[in-house]
Amino acid sequence: MNEETLKATAAALTADGKGLLAMDESNPTADKRFAALGIPQTPEMRRAYRDMIVTAPGLSESIGGAILFDETIRTSTFADVPFAQALAKAGIVPGIKVDAGARPLALHDGELVTEGLDGLRERLAEYSKMGARFAKWRAVITIADAKGAPSGGCFEANAQALARYAALCQEAGIVPIVEPEVLMDGAHALARCAEVTERALHFVFDALRTQRVLLEGMILKPNMVVPGLKCPVQDSVEDVADATVRLFRRAVPAAVGGIAFLSGGQSAPAASARLNAMHVRHGDQLPWPLAFSFARAIQDPAMKAWAGRKENVAAAQKALVERARLNRLARRGEYTAAMETPR
């Protein structure tokens with residue numbers, strides 16, 4: 001493990017006010033989103049969509065790293081340049097999703113554990129040769145108080161998997177993105193989300209230390225502290241920002257290389273506004289870079305503008321770059337709702 005290389009890569013992902021673009025949707029997820037817009041669900045259309053993203057002029061001004069799916073890293077742009085190479089040439093660090101998805105956790109009703117550790121060492125070596133410099137693994141935590149979820153067993157199983165994955169990444173010279181996501185599904189209040197998120201983070205960092213993971217050579221990708229989507233009280237942007245920063249200052253070691261929030265089902269404007277408020281209200285109190293790692297909250301406007309048509313590529317790229325720019329502004333505390341273009 002080269003500690004300096006890991007630290008440098010982690011720093012590059014969130015440098016200069018930039019964030020990450022998650023474009024690592026599995027084929028079924030990508031096809032589901034295509035189907036909703038009437039786009040053919042074929043490998044060639046997925047390639048065309050990802051070509052549109054990777055070749056967008058100016059994307060690197062706001063995006064420091066992009067997370068790819070296995071299908072994408074093994075294919076090339078229409079200019080016959082491997083996607084990882086195309087990203088690197090554009091000044092964006094290429095990364096790769098390596099987990100095999102969440103599966104039911106035995107004897108834990110409705111709870112999930114992420115799998116994919118079998119053969120991971122070999123896959124990481126292969127991805128490294130393809131140009132991947134960081135990786136991502138997502139763990140899913142569901143709040144279902146009527147079922148006693150999340151349970152200690154769920155926290156522990158996912159934390160151990162995340163830590164073992166992170167150690168294997170660093171052994172291979174790859175920066176791990178550690179993603180424990182407390183889902184927004186449900187009617188729980190903001191305070192309950194904060195309680196569960198804090199407990200999840202304690203389990204995760206205990207496991208990371210046990211597995212000797214270099215904290216400076218990793219990025220944490222967590223949820224913001226928000227109420228459930230069905231909660232009757234939807235807290236203000238300011239309350240979400242305050243609760244999130246307060247919790248993460250208490251639960252995340254200052255040594256961590258950076259925090260890049262997932263959007264987790266938030267609308268694009270809501271995700272940007274909440275990130276912006278964190279920097280406006282607490283920017284001088286943050287021990288780590290506080291960035292973004294959004295998927296739909298960056299991609300949605302571009303996918304709708306593209307709609308699977310070649311003649312729409314330029315408009316879609318413009319929408320993609322603009323959404324990324326707004327999130328970079330949010331990192332500087334310079335975003336306002338007035339910047340949103342009516343659609």
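The values are calculated or read from the model by the stated rules, or taken from the named source; none is laboratory data. This one's a predicted model, so the numbers in the text were calculated from it and none came from an experiment. FYI the Cβ positions are ideal-geometry reconstructions off the backbone, even for glycines, and counts take in every protein chain you see.
Here MET278 clears all of (1) in a helix (DSSP H, G or I); (2) crowded, with 22+ Cβ neighbours inside 10 Å; (3) in contact (Cβ under 8 Å) with a residue 40 or more places away in the chain except the condition numbered (3). For region 235-263, a residue qualifies if it is hydroxyl-bearing (Ser, Thr, Tyr) and either at positive phi or assigned to a helix (DSSP H, G or I) (or both), and exactly one does: THR244.
Looking only at residues that are within 25 Å of ASP24 (Cβ to Cβ) and out of contact with any strand residue (DSSP E or B) (no Cβ under 6 Å at 6 or more places or on another chain) in region 95-109, which one is surrounded by the most Cβ atoms within 10 Å (Cβ to Cβ)? Talk me through it step by step, then tell me what you get.
Narrowing region 95-109 to residues within 25 Å of ASP24 (Cβ to Cβ): 95-105.
Now restrict to residues that are out of contact with any strand residue (DSSP E or B) (no Cβ under 6 Å at 6 or more places or on another chain): 100-101, 103-104.
On the way: ALA100: 15, GLY101: 13, ARG103: 11, PRO104: 11.
The qualifying residue surrounded by the most Cβ atoms within 10 Å (Cβ to Cβ) is ALA100.
Tell me yes or no: at least one residue of region 136-155 is touching a Pro at 6+ places or on another chain (Cβ under 9 Å) and basic (Lys, Arg). Looking through region 136-155, at least one residue is touching a Pro at 6+ places or on another chain (Cβ under 9 Å) and basic (Lys, Arg).
Yes/no matrix, rows are residues, columns are (1) in contact with a Phe, Trp or Tyr (Cβ under 7 Å, 6 or more places away or on another chain); (2) of a type in the set (A, V, I, L, M); (3) free of Cβ contacts under 8 Å to residues at least 60 places away in the same chain:
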residue	(1), (2), (3)
TYR165	yes, no, no
LEU168	no, yes, yes
GLY173	no, no, no
ALA187	no, yes, yes
GLU195	no, no, yes
ARG199	yes, no, yes
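The residue of region 168-179 that is farthest from ASP118 (Cα to Cα), among those that are assigned to a helix (DSSP H, G or I) and within 19 Å of the chain's Cα centre (by Cα), is GLN170.
For (1) in a helix (DSSP H, G or I); (2) buried (at least 16 other Cβ atoms within 10 Å of the Cβ); (3) in contact with a Ser or Thr (Cβ under 9 Å, 6 or more places away or on another chain), each residue gets a yes or a no:
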position	(1), (2), (3)
ILE298	yes, yes, yes
GLU311	yes, no, no
ALA316	yes, yes, no
ALA319	yes, yes, yes
ALA324	yes, yes, yes
LEU329	yes, yes, yes
GLU334	no, no, no
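When the criteria are applied in full, ASP206 fails the requirement of being touching a His at 6+ places or on another chain (Cβ under 9 Å), at pLDDT 95 or above, surrounded by fewer than 21 Cβ atoms within 10 Å (Cβ to Cβ) and assigned to a helix (DSSP H, G or I).
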